[in-house]
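Right, one structure below, let's go through it.
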Amino acid sequence: MLYIVATPIGNLDEITLRALDVLKSVDLIAAEDTRHTALLLSKYGITTKTVAYHKFNERASVDGLIAKLRSGADIAVVSDAGMPTVSDPGHVLIDSAIENDVPFTVVSGACAAVDALVLSGLDTRAFCVLGFLPEKNIDRTRFVEPYKKLPSTLVFYSSVHNIKSDLEFFYKTFGVRRCAVCREMTKLYETVTRGTLGSMPEITEKGEFAVVIEGASTECELNTLSVEEHLRHYIDGGMDERDAVKRTAADRHVCKNEVYKIAVALKNGGKSPH
């Protein structure tokens, strides 16, 4: 069995009992950084053998890991922090496991993106985790282009070396939107800085960051008109009265009956009740 194991994103006490049991019982732990993982294992007295499994050797090491799994070994995959595969290695191995009919499961736990989303205070109903931006500006622009008009909350990761330039890029790309910068989550100096892109309060440039940005506005531009003008826009465009009422009500997030009363008044040449 292949286990995809979430590990703490800062505070080493935030690991599940199941994760500890799995890390103790497997034959091998494939770790993003064996030295970093050794700190966690040492804290809990775990002596399981570890091997390096990171973005630079991910493809080269997959065949060997799959061979071990097919021979009957149990292997756990861990990243430095949080859930493997979420902006961390792991996906290549999962793809290969599926191709080779090797069973795998997830051992739940911390994920920085989810923690940051909740801490941000922004809309949690729908969100998109985009991870780290590419290094080159042209690649950054291409990367975020499909998400500029997405109404879902956006979650990015950023390093201490890039946080300032990343925030500048976000402002140029998304304009003025609410934003929260989460730093050192679950640790002693956890901070959440909330503001708007383009005028964010000063941020301490230390540690690791998650940047949460408000989704694109879904407000219809016609809502700046009066209800009468809104209706007339659709009717003059060839829409029948019934459909114009439905569309206007949907645009303005109001009851159809309210818009219908106005439509009747307009048709009869009378004054609108509003």
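If you take the residues of the stretch 78-114 that are assigned to a loop (DSSP other than H, G, I, E, B), β-branched (Val, Ile, Thr) and within 14 Å of Leu2 (Cβ to Cβ), which of them is most open to solvent (accessible area, probe 1.4 Å)? Walk me through how you get there before you give the answer.
Step one: of the stretch 78-114, the residues assigned to a loop (DSSP other than H, G, I, E, B) are 79-81, 83-90, 100-103, 108-111.
With β-branched (Val, Ile, Thr) added as a condition, the list becomes 85-86, 102.
Add one more test, that the residue is within 14 Å of Leu2 (Cβ to Cβ), and what stays is 85, 102.
Details: Thr85: 51, Val102: 14 Å².
Among those residues, the one meeting the criterion is Thr85.
Any chance the stretch 156-173 includes a residue that's of a type in the set (Ser, Thr, Tyr), within 22 Å of Pro84 (Cα to Cα) and buried (at least 17 other Cβ atoms within 10 Å of the Cβ)? First the steps, then the outcome.
Let us first name the residues in the stretch 156-173 that are of a type in the set (Ser, Thr, Tyr), namely 157-159, 165, 171, 173.
This time we only want the ones that are within 22 Å of Pro84 (Cα to Cα), so: 157-159.
Adding the requirement that they be buried (at least 17 other Cβ atoms within 10 Å of the Cβ) leaves 157-158.
Yes, because at least one residue in the stretch 156-173 is of a type in the set (Ser, Thr, Tyr), within 22 Å of Pro84 (Cα to Cα) and buried (at least 17 other Cβ atoms within 10 Å of the Cβ).
So, of the residues in the stretch 187-221 that are touching an Asp or Glu at 6+ places or on another chain (Cβ under 6 Å) and open to solvent by less than 60 Å² (accessible area, probe 1.4 Å), which turns out to be farthest from Val86 (Cα to Cα)? Explain how you work it out, then say what you get.
Filtering the stretch 187-221 for residues touching an Asp or Glu at 6+ places or on another chain (Cβ under 6 Å) gives 190, 207, 220.
Among the residues that remain, those that are also open to solvent by less than 60 Å² (accessible area, probe 1.4 Å) are: 207, 220.
On the way: Gly207: 19, Cys220: 34 Å.
Per the stated criteria, the residue is Cys220.
Can you pull out every residue in the stretch 60-77 that is out of contact with any Gly (no Cβ under 7 Å at 6 or more places or on another chain) and either surrounded by 16 or more Cβ atoms within 10 Å (Cβ to Cβ) or assigned to a loop (DSSP other than H, G, I, E, B) (or both)?
The first filter runs over the stretch 60-77 and keeps only residues out of contact with any Gly (no Cβ under 7 Å at 6 or more places or on another chain), leaving 60-76.
Listed by number, the residues that qualify are Ser61, Val62, Leu65, Ile66, Lys68, Leu69, Ser71, Gly72, Ala73, Asp74, Ile75, Ala76.
Pairs under 6 Å by beta carbon, first residue touching a residue at least 40 places away in the same chain (Cβ under 8 Å) in the stretch 153-175, partner among the acidic types (Asp, Glu) and assigned to a helix (DSSP H, G or I), six or more apart or different chains?
From residues that are touching a residue at least 40 places away in the same chain (Cβ under 8 Å), the pairs are Ser158/Asp166.
Pairs needed: first member in the stretch 248-266, over 15 Å from Arg232 (Cβ atoms) and among the charged types (D, E, K, R); second member anywhere, open to solvent by less than 20 Å² (accessible area, probe 1.4 Å) and assigned to a helix (DSSP H, G or I); C-beta distance under 7 Å; at least 6 residues apart or different chains.
Once the first residue is over 15 Å from Arg232 (Cβ atoms) and among the charged types (D, E, K, R) and sits in the stretch 248-266, its partners that are open to solvent by less than 20 Å² (accessible area, probe 1.4 Å) and assigned to a helix (DSSP H, G or I) give Lys256/Val245; Lys256/Ala249.
Exactly one condition in (1) closer than 30 Å to Val118 by Cβ; (2) in contact with a Leu (Cβ under 9 Å, 6 or more places away or on another chain); (3) without any contact (Cβ under 8 Å) to a residue 12 or more places away in the chain is not met by Leu188; state its number.
(2)
Identify the residue in the stretch 132-149 that is surrounded by 16 or more Cβ atoms within 10 Å (Cβ to Cβ) and touching a residue at least 24 places away in the same chain (Cβ under 8 Å) and, among all such residues, is farthest from the chain's Cα centre (by Cα).
Arg140
Which pairs have Cβ atoms under 7 Å, sit 6 or more apart or on different chains, and link a residue in the stretch 48-75 that is without any contact (Cβ under 8 Å) to a residue 40 or more places away in the chain and over 12 Å from Pro89 (Cβ atoms) to one that is outside any loop (DSSP other than H, G, I, E, B) and polar (S, T, N, Q)?
From the stretch 48-75, the pairs are Thr50/Thr34; Thr50/Thr37; Ile66/Ser96.
For Ser87, work out the one condition from (1) among the small types (Gly, Ala, Ser); (2) under 27 Å from Val155 (Cβ atoms); (3) over 20 Å from the mean Cα position of the chain (by Cα) it doesn't fulfil.
Checking Ser87 against (1) among the small types (Gly, Ala, Ser); (2) under 27 Å from Val155 (Cβ atoms); (3) over 20 Å from the mean Cα position of the chain (by Cα), the one that fails is (3).
Of these, Asp123, Asp95, which one is farther than 21 Å from Glu14 by Cβ and modelled with pLDDT under 95?
Details: Asp95 fails: modelled with pLDDT under 95.
Answer to the check: Asp123.
Restricting attention to the stretch 6-47, which residues are out of contact with any Gly (no Cβ under 7 Å at 6 or more places or on another chain), touching a residue at least 60 places away in the same chain (Cβ under 8 Å) and among the hydroxyl-bearing types (Ser, Thr, Tyr)?
None - no residue of the stretch 6-47 is out of contact with any Gly (no Cβ under 7 Å at 6 or more places or on another chain), touching a residue at least 60 places away in the same chain (Cβ under 8 Å) and among the hydroxyl-bearing types (Ser, Thr, Tyr), so the list stays empty.
The values are calculated or read from the model by the stated rules, or taken from the named source; none is laboratory data. Everything numeric in this text was worked out from a predicted model, so none of it was measured. Cβ: placed from backbone, ideal geometry, glycine included. Neighbour counts: every protein chain shown. Surface areas here come from the heavy atoms of the whole protein model, side chains and all, with no ligands, DNA or RNA. Shrake-Rupley method; radii C 1.70, N 1.55, O 1.52, S 1.80 Å.
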